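First comes the structure, then the notes that go with it.
Values in this text are rule-based calculations from the coordinates and carry no lab data. Only a predicted model underlies this, so the values are computations on that prediction, with no experimental measurement involved. Reconstructed Cβ throughout: ideal geometry from the backbone, glycine too, with neighbour counts over all protein chains shown.
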Amino acid sequence: MAVIDRETARAMDTADPLAWLRERFVHVHEWIYMDGNSLGRLPARTPAAVAGTVDDWGRRLVTGWHDWIDLPARAGDELAPLLGARPGELLACDSVTVNLYKLAGAALSDRPGAIVFDPDDFPTDRYVLAGLAAQHGRELVAIGDGLPAHTALVCLSHVNYRSGELADMARITAAAHERGALALWDLCHSAGAVPVDLEGAGADLAVGCTYKYLNAGPGAPGFLYVRREHIERLRSPIQGWFGQADQFAMGPEYRPAAGITRFLAGTPPIAGIEAVRAGAADLAEAGLPALRRKSVALTELIVALHDQRLAPLGFTLGTPREPERRGAHVSIRHPDAWRICRALIEHAGVIPDFRGPDSIRLGPAPAYTRFVDVWDAVDRLCSLVADGVHERLGDERSRVT
Ligand SMILES: *Cc1c(COP(=O)(O)O)cnc(C)c1O
């Protein structure tokens, strides 16, 4: 294969039909940002959207709730086209962790049987499921061991947070249904970068976050999805007043609301939801098929540069080679990954992240990352490792990696 030089990457940017989208984001310094899979960039429209909410609060005070009250469902409907959902199936609310607890708990109260999970999944998912298994007296079975005959819930990530491997949602959901289980998908690493077809795949339940590829900002609320056919039967284990049928009757007993709002718990974070809407708007304009095409081209470039330049320096690829089997980030593995990651951030102006024991994740979010950014990031990585810059750093870990 011909050597990929910087001019090749620049030519790819010139030909990029999504190049315009980068200007919809705030760029304040010269960092090469490769961590859109952890915290997306700030969309240029978001400060005004959030400031509008703050202004509204100042002027309208409590009367603002007449409009704010419907925002979790309205934002959910705006996310629906990005996730292949129908209107009335999504809410923007709470954290992923809390939403996972609500939906997994609802599934376990709906049917008997084991919980199937992936021991390699993101920690919060594993911890929540372990807690629910103990609370409901259910067996927790690793997916690698196959699906037990009596399964209540199969809960998996669509894209693995460390390896970037993309699961076959339709196939696994069908297998879950054969065992009488509901399938709950965590879309944290696919929402906004990988096309998701919740309806077409037959998914029953889903959760995801908005601060990664959906660019809604640190701590912005997550989303939850319940397939229309299940809504009236399932109940949230958190019986909060926002999920109550006649909320302001303030009655003695909890009765779940008729639609998807029964999965709300308490007062929703309005400014955060406005940031979710702002983040989703630019992506909806670009469309997921175009974002995915660019994302595949970006990760293909990383894989090709890995083979040409990183493998000779002792790196291995921690992500599937076939583009249809991976999400939007690429993990490269190295025994000294932690110090290399630190050196990239502190000495090369490249921002990836580290996931133990030995992975550096390069997350070139397709909405705002240029091909030349990928090329420069790998080029700086190569120089730094060849010069042994990382070997002069200590091995102590920071609280956030
Ligand atoms: C980022 C991420 C989370 C985060 O959960 P929060 O409750 O928002 O902190 C959960 N699951 C997966 C798979 C993630 O990638």
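Rank these for me by crowding, 154, 159, 389, going from fewest to most other beta carbons within 10 Å.
Least crowded to most crowded, the residues run 389, 159, 154.
What longest region of the chain stays clear of GluC sites (Glu not before Pro) that DSSP places outside H, G, I, E and B and that have at most 15 other Cβ atoms within 10 Å?
Of all site-free stretches, the longest is 254-395.
Can you grab the distance from the C-alpha centre of segment 139-180 to the C-alpha centre of segment 326-387, Å, no decimals?
30 Å
For the chain, calculate the relative contact order in percent as a whole number, restricting contacts to Cα pairs under 8 Å that are 6 or more residues apart.
22 percent
Lys and Arg at +1, Asp and Glu at -1: add these up for the other residues within a Cβ distance under 13 Å of residue 300 and post the number.
Net charge around residue 300: +3.
Mean residue ellipticity at 222 nm from the helices of the chain, using -39,500 (n - 2.57) per DSSP H segment of n ≥ 4 over the full residue count, to the nearest 500 deg cm²/dmol?
Counting only the DSSP helices, I get -11500 deg cm²/dmol.
Anyone know which of 320, 312, 269 comes out most mobile in the 10 Å Cα GNM of the chain?
312
Would you please classify the overall shape of segment 94-135 from the alpha carbon gyration tensor, given that a ≥ b ≥ c denote the square roots of the eigenvalues, rounded means a/c under 1.5, and beyond that prolate means a/b larger than b/c while oblate covers the rest?
It is oblate, given that a/c is not under 1.5 and a/b is not larger than b/c.
Express in whole angstrom the spacing between the alpha-carbon centres of segment 220-297 and segment 12-70.
Measuring centre to centre over Cα atoms gives 19 Å.
About the Cα centre of segment 198-345, how large is the charge dipole given +1 on each Lys and Arg Cβ and -1 on each Asp and Glu Cβ? Please answer in debye to the nearest 20.
Magnitude of the dipole: close to 420 debye.
Name the residues whose placed amide hydrogens come within less than 5 Å of the amide hydrogen of residue 44, ignoring near sequence neighbours (fewer than 5 apart) on the same chain.
Here 25, 26 satisfy the definition.
How would segment 10-118 be classified by its alpha-carbon gyration tensor: rounded, prolate or oblate, with rounded meaning a/c under 1.5 and the a/b versus b/c comparison settling the rest?
Oblate shape, in that a/c is at least 1.5 and b/c is the bigger or equal ratio.
All other residues with a Cβ under 13 Å from the Cβ of residue 119 taken together, and with Lys, Arg as +1 and Asp, Glu as -1, what is their net charge?
-3
Starting from the Cα gyration tensor of segment 167-308, take the square roots of the eigenvalues, sort them a ≥ b ≥ c, and report rounded, prolate or oblate (rounded when a/c is under 1.5, otherwise prolate if a/b is larger than b/c, else oblate).
Oblate is the answer for segment 167-308, as a/c is 1.5 or above yet b/c matches or exceeds a/b.
Once the piece of chain linking residue 27 and residue 247 is laid out straight, how much longer is it, given 0.36 nm per residue of separation minus the C-alpha distance between them?
Roughly 74.9 nm would be gained on extension.
About the Cα centre of segment 302-401, what is the dipole size in debye to 20, counting +1 per Lys and Arg Cβ and -1 per Asp and Glu Cβ, all else neutral?
So the dipole magnitude of segment 302-401 works out to roughly 240 debye.
In whole percent, what relative contact order does segment 71-180 give with Cα contacts below 8 Å and a gap of six or more residues?
It comes to 23 percent, rounded to a whole number.
Local charge sum around residue 239 (other residues, Cβ-Cβ under 10 Å, Lys/Arg +1, Asp/Glu -1)?
+2
Which whole-number percent is the relative contact order of segment 11-137 (Cα, under 8 Å, 6+ apart)?
In percent, rounded to a whole number, it is 13.
Angle between the Cα long axis of helix 288-305 and the longest principal axis of the chain, 0 to 90 degrees, nearest 10?
Tilt relative to the chain: about 40 degrees.
Mind sorting 379, 186 by how few other Cβ atoms lie within 10 Å of their own Cβ, fewest first?
Final ranking by Cβ density, sparse to dense: 379, 186.
Find how much the distance from residue 397 to residue 281 grows on full extension, using 0.36 nm per residue of separation minus their present alpha carbon separation; answer in nm with one decimal.
Contour length minus the Cα-Cα distance gives 38.0 nm.
Let me spell out the model: positive unit charges on the Cβ of Lys and Arg, negative unit charges on the Cβ of Asp and Glu, origin at the Cα centre of the chain. What dipole size does that give, in debye rounded to 20?
It works out to roughly 320 debye.
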